[in-house]
Structures are given as structure tokens and as C-alpha cells.
Amino acid sequence: IARPVWQRWWFIGGTILLAGLAVFALDRYRVHKTHQVEKALIQSKESEIRFRTLADTASDAILTIDADSNIIFVNEAIEKVFGYTAQELIGKQMSILMPERMRDGHNSGMTRYLQTNQKNINWEGVSLPGLHKDGHEIPLEVSFGEFEREGKRYFTGIARDVSERKRAEEALQKAREEKIKELQRVRTRIATDLHDD
């Protein structure tokens, strides 16, 4: 009597071979996925290093806040613009960097945006006053961006101190006004001389 198929040498050998191939394929798949994860992790670290280098060498102040307006990241230029060190700002409310009269508007605008996703100001560049650590106001040009990580919303702002530009504009305006006054004096003198002649 012939043995059943599952007891024959070729069936047992084929089953062992198939099981071995399946284990080998699963191991290769696991190794491939491990390499992909390691590569993604290396790229992520490189990306973070590039971002940190860019943020730390930027001359503009860069800060990131969460949806509750708590500061979670600032670059080194924040001290040059606002006078605060990074350690003084991390964990604090962003309203510390704005004049008192602007705080309620920021809070209500943030709440409205989180509920409706509708912006009430231009995020690509807006002139706003900032508040220096010593209490004086700073003219700023600010642009904003938003990103999401692990289901939470974050906002990044880049603030440029435009005090020098404002002073230059005021000096230019003053020079124009003086030039116009000088031209007016010359015209008056010429008219007087012509009249006297």
C-alpha cells in the first residue's frame, strides 16, 4: 500500500523547503525595512541639523509656538532683536514679545483662526510692533507659517527688526522736506530779486 501524499519524502522535503524559503523571505523583508527605517532616521537627523544650522545662523529672530501661544523654540537671533535669551523665552507666552495693546487682539485672532482656519492678516509679511526686554517698542516685519506634528498645530514666525530701515526712511523724508524748503527759499529769493530789479 502506497503511503499518503503527506508522508512521502518529496512532499516532506518540499514542505521543509517552502518553510525555509518563507523564513528567508520574511528575514530579507525585515532587513530591508530595517534599512529603510535607518536611512529615514539618518535623513531626519541630517534635516534637523540643517534646520538648526540655518535657524542659528539667521540674522532674523525665529520662534515657534504651539496652539496655546507657548514658545517652544527660538533661535539665537532672538536675543539681538528682543533682548531675551532663549532660556528666558522657552515655555513663556508669546505675548511677552508684544506691546500690551496688541495682546488681546493676538489671543482673539489665534482663537478665531484655530476655529475657522481663516487668516485676518497677511502671513507673508506684515509690519507689527514688538516689545524689547527693556520695554521699548521695536518696529518689526513679521511672516508666519504653520505646520502640524503628531496631531498638534504649531506656528513659526520670522521677525526682522526694521529699526534701521525706519530711521533711514525718516532721514530720507527729512532730507526731502529740507530740499523742498531750500527750493522754496531760492524761489522766493529769485522772485524778490526780480521784483526789486
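The values are calculated or read from the model by the stated rules, or taken from the named source; none is laboratory data. Just so you know, these numbers come straight off a predicted model, no measurement behind them. All Cβ positions, even for glycine, are placed from backbone atoms using ideal geometry, and neighbour counts span all protein chains on display. For accessibility, only protein heavy atoms count, side chains too; no ligands or nucleic acids. Shrake-Rupley method; radii C 1.70, N 1.55, O 1.52, S 1.80 Å.
Taken one residue at a time, the phi angles of the stretch 4-13 give Karplus couplings (6.51, -1.76, 1.60, θ = phi - 60°) of x, 4, 5, 9, 7, 4, 5, 5, 4, x Hz. Gly and Pro are set to x.
Once the Cα-Cα distance is subtracted from the 0.36 nm per residue extended length, the GLU124 to ARG52 segment shows a gain of 23.7 nm. Shown in residue order for the stretch 155-166 are the 3J(HN,Hα) couplings computed by the Karplus curve 6.51 cos²θ - 1.76 cosθ + 1.60 at θ = phi - 60°: 10, 10, x, 10, 10, 10, 6, 10, 4, 4, 5, 4 Hz (x for Gly and Pro).
Only one of (i) 33.5, 146; (ii) 15.5, 50; (iii) 18.9, 67 was calculated from the structure for Rg and Dmax of the Cα atoms in Å, and its label is (i). Each residue, PHE24 and GLN173, gets one label point 7 Å from its Cα in the Cβ direction; the gap between the two is 8.1 nm. Backbone phi angles across the stretch 33-44, fed through the Karplus curve with coefficients 6.51, -1.76 and 1.60 (θ = phi - 60°), yield HN-Hα couplings of 5, 4, 5, 5, 5, 4, 5, 5, 5, 4, 5, 5 Hz in residue order; Gly and Pro are listed as x. Working ranking of peptides 104-112, 78-86 by packing, defined as the average number of other Cβ atoms within 10 Å per residue, highest first, is 78-86, 104-112. Taking amide H atoms as placed 1.01 Å from N in the peptide plane, the amide H of MET98 lies under 5 Å from those of LEU131, each 5 or more residues away in sequence or on another chain. Taking amide H as placed 1.01 Å from N in the peptide plane, the amide H of LYS92 sits under 5 Å from that of ILE71, each at least 5 places away or on another chain.
What number comes out for accessible area per residue over the stretch 47-176 if the probe is 1.4 Å? Units Å², please.
Numbers: 8190 Å² over 130 residues.
Accessible area per residue: 63 Å².
Take the cross-link list LYS119/LYS174; LYS39/LYS92; LYS80/LYS166; LYS80/LYS179; LYS45/LYS152 and give me the ones stretching past 28 Å between alpha-carbons. Mind showing how you got there, number by number?
Details: LYS119/LYS174 36 Å; LYS39/LYS92 36 Å; LYS80/LYS166 17 Å; LYS80/LYS179 36 Å; LYS45/LYS152 21 Å.
Table pairs above 28 Å Cα-Cα are LYS119/LYS174; LYS39/LYS92; LYS80/LYS179.
Taking the 1.4 Å solvent-accessible surface of the chain as the whole, the part contributed by carbon and sulfur is 57%.
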